[in-house]
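Only the coordinates and a few stated rules stand behind these numbers; no lab work does. As the structure is a prediction and not an experimental result, all values here were calculated from the model. So basically every Cβ, Gly included, is an ideal-geometry build from the backbone, and we count neighbours across all protein chains shown.
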Amino acid sequence: MDIFLNYLFAFVIGGAFCVIAQILIDKTKLTPARILVVYVCAGVFLTAIGVYEPLVKFASTGATVPLTGFGYSIANGVREAVDQKGLLGAFTGGLTATSGGIALAIVLGFIASLITSRKSK
Amino acid sequence: MNKEDYNKYISMRAKKSPILKNCCFAFLIGGFICTLGRVFLDAYIYFGIEQKDASSLASMTLIFIAFVLTCFGVFDNIAKIAGGGTLVPITGFANSIVSSAIDSKSEGYICGVGAKIFSIAGPVILYGITSGVLYGIIYYFCTFLR
Amino acid sequence: MQKFIKFEKSPSIISCYSVVGKHEKEGPIGECFDEYSHDDTFGKKSWEQAESEMQRMALRGAINKSGLNNDEIDLLIAGDLLNQCVGSTYGLVSFDIPYIGIYGACSTCALGLALGASLLEGGMCEKCASVTSSHYCSSERQFRFPLEYGGQRTPTSQWTVTGSGAFILGKEGNIKIKSAMFGKSVDMGVTDINNMGAAMAPAAVDTICSFLQNSSHRVEDFDMIVTGDLGYEGSEILKDLLLSKDIDIRKNHVDCGLLIYDRFSQDKHAGGSGCGCSASVLAGNILKNMEAGAIHDILFIGTGALMNPMTLYQGQSIPSIAHLVHIGR
């Protein structure tokens, strides 16, 4: 039962983040690129003021997989790094915490450019 | 008719995006992707990986899936229906990088792929990292005040 | 003053040829196009080269159909949507004919015909060719997003046609270009790149109104009033705006962007656009009907949105233009 609830929470919270973005796409003139920027910055901000952590505890991947979760990782990484290394951590923490995803995406992007052929749409 | 009236007139008559339908699909597909992330997360923890690394790995797995779907040319077809449902999860980030790389291949690997790979994902990284650094600096000085 | 140019020496369209891509071939008028590529690549390495190849094929086809040799053609007037008109330049370089590159966005086809007819009328050349093209993949790259990028389109957005049309103009031919009118650029402050129909409709209204005022023609004189790529949204706005000026074109108006696709089953939102759209529909469908005698007089109005991504990011609105040619037997 617990497992089911975990999945349900991830589904609902993750879905809710997407619905908010969808409403922004359809109802405002915001382009997708702007919306993503807003999401990342919101993730950093909400983590900074301590609102996001409880949401992550509650929904797990429902809160970490959307791009606000990217901001959450950055902010968390920065805070931990500052605790350990002082001001230097403010600069090293964000990229360190998100390096796995960014590096993988870059490498896969490069591989994709090597292996794919053009497909017409 | 002046410009202002004309713009009012065209935005009034333009057919609106089917927002209810779009939101339903965004919710279902976005929710599904996050749940899938949870499945991977649980699996990695089950295999004895530490929570924090498992969380990174789960995201990376989703990035990999988005890469495969983009390479086979189906990601954009899913995104056409899902809208925010594929844009907001980390899959959208991965798709924007992979699709830029594929697209700029014809201009070569340096000036094409190399220069254009972040043409869409760039802003996310710029503002994400910058706001993180800003937060770190503020946090650092706050720790003195305590 | 906007001049209505009446041609006395009856410049005419000797032959025309159309080349399209896969989606256009599958569309409701797909049967009437002369040639097509089953995968839109036209056997080339990049989309830009594919577009050039399409223009080459179109002009080759039109020249063959006219029975002329390359050196009998004095001038090429060609254009497309790519930066610096590279689609035309690279595609037509092998013909070794004097060349003028023109840009009128989706109005390029009408602009090329009007220019060509004017030069013939003035005696500057004996025979000339007008070629235009657009390619979905190359213009998507230039104006929007990478092809594999996952995004949603709004209902008012239009789909760039993969297609090219070539016309050989001379003095002997059944299909005459009777008059033409060059448009003024009109800016109504529209900034939405996904609603180009709305940006272009006022230009079409402007040109149609001045044409009707300056010539002795009435709307009823024409079997068809053909607009080039206003799409559904723009067409409805055009009819609305003209109706408010007591001009009713609802009976004989058709739009190339609506003819070329079944916009519902092919998921093309507001219809087709791009300078290959009006060119291929005119060459492939409308002029063939005219040749067969099904229609006699048409007004062909090419409408173009003259922006680029840079001006849009700078927050500028989209100026548009409409050029008109009167074609008849």
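Charges at C-beta only: +1 for Lys and Arg, -1 for Asp and Glu. How large is the resulting dipole of the protein assembly as shown about its Cα centre, in Debye rounded to 20? Kindly include the intermediate steps, with their values, before the conclusion.
Values: 48 positive and 51 negative charges, 188 e Å.
My answer is approximately 900 debye.
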For region C:260-306 and region A:62-118, what is the separation of their C-alpha centers, rounded to whole Å?
49 Å
With the dipole of region A:2-115 defined by +1 on each Lys or Arg Cβ and -1 on each Asp or Glu Cβ, the option from A:Leu5, A:Ile74, A:Phe110 whose Cα lies farthest towards the positive pole is A:Phe110
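What's the magnitude of the charge dipole for region A:2-115 around its Cα centre, counting Lys and Arg as +1 and Asp and Glu as -1 at the beta-carbon? Answer in Debye, nearest 20. Intermediate results must be reported in sequence, preceding the final value.
Values: 6 positive and 5 negative charges, 63 e Å.
Computed about the Cα centre, the dipole is about 300 debye.
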Selection from C:Leu212, C:Ser133, C:Ser66 lying farthest towards where the dipole of chain C points positive, charges on Cβ:
C:Leu212
Work out the mean other chain Cβ neighbour count within 10 Å for the residues of A:55-65 and drop it here as an integer.
6
Largest first, please: the extent of the C-alpha atoms of chain C along each principal axis, to the nearest Å.
51, 50, 36
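Rounded to a whole number, what is D in µm²/s for the protein assembly as shown from Stokes-Einstein with the Kirkwood radius over alpha-carbon pairs (37 °C, 0.692 mPa s)?
Translational diffusion coefficient: 127 µm²/s.
If you take the alpha carbon radius of gyration of region B:18-145 and divide it by 2.2 N^0.38 Å, what ratio comes out, to two decimals?
Working: Rg = 17.7 Å, N = 128, 2.2 N^0.38 = 13.9 Å.
Taking the Cα Rg and dividing by 2.2 N^0.38 Å, one obtains 1.27.
How large is the charge dipole for region C:1-142, taken about the Cα centre, if only the Cβ atoms of Lys, Arg (+1) and Asp, Glu (-1) carry charge, to the nearest 20 debye?
In total the dipole reaches around 240 debye.
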Calculate the mean, over all residues of peptide B:10-23, of how many other protein chain Cβ atoms lie within 10 angstrom of the residue's Cβ.
6
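How would you rank A:74-84, C:84-94, C:306-316, highest first, on the average number of other Cβ atoms within 10 Å across their residues?
On the way: A:74-84: 22.1, C:84-94: 19.9, C:306-316: 12.9.
Result, highest mean Cβ count within 10 Å first: A:74-84, C:84-94, C:306-316.
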Farthest toward positive dipole pole in the protein assembly as shown [+1 Lys/Arg, -1 Asp/Glu at C-beta], among C:Tyr313, B:Thr130, C:His296:
B:Thr130
Please rank C:Glu233, C:Glu121, fewest neighbouring Cβ atoms within 10 Å first, as an exposure proxy.
C:Glu121, C:Glu233
Against the 2.2 N^0.38 Å scaling, with N counting residues, where does chain A land? I'd like the Cα-based Rg ratio to two decimal places.
1.25
C:Ser317: net charge of surrounding residues, Cβ under 9 Å, Lys/Arg +1, Asp/Glu -1, itself excluded?
0
Would you mind calculating the relative contact order of region C:218-329 from Cα pairs under 8 angstrom and at least 6 residues apart, reporting the percent as a whole number?
30 percent
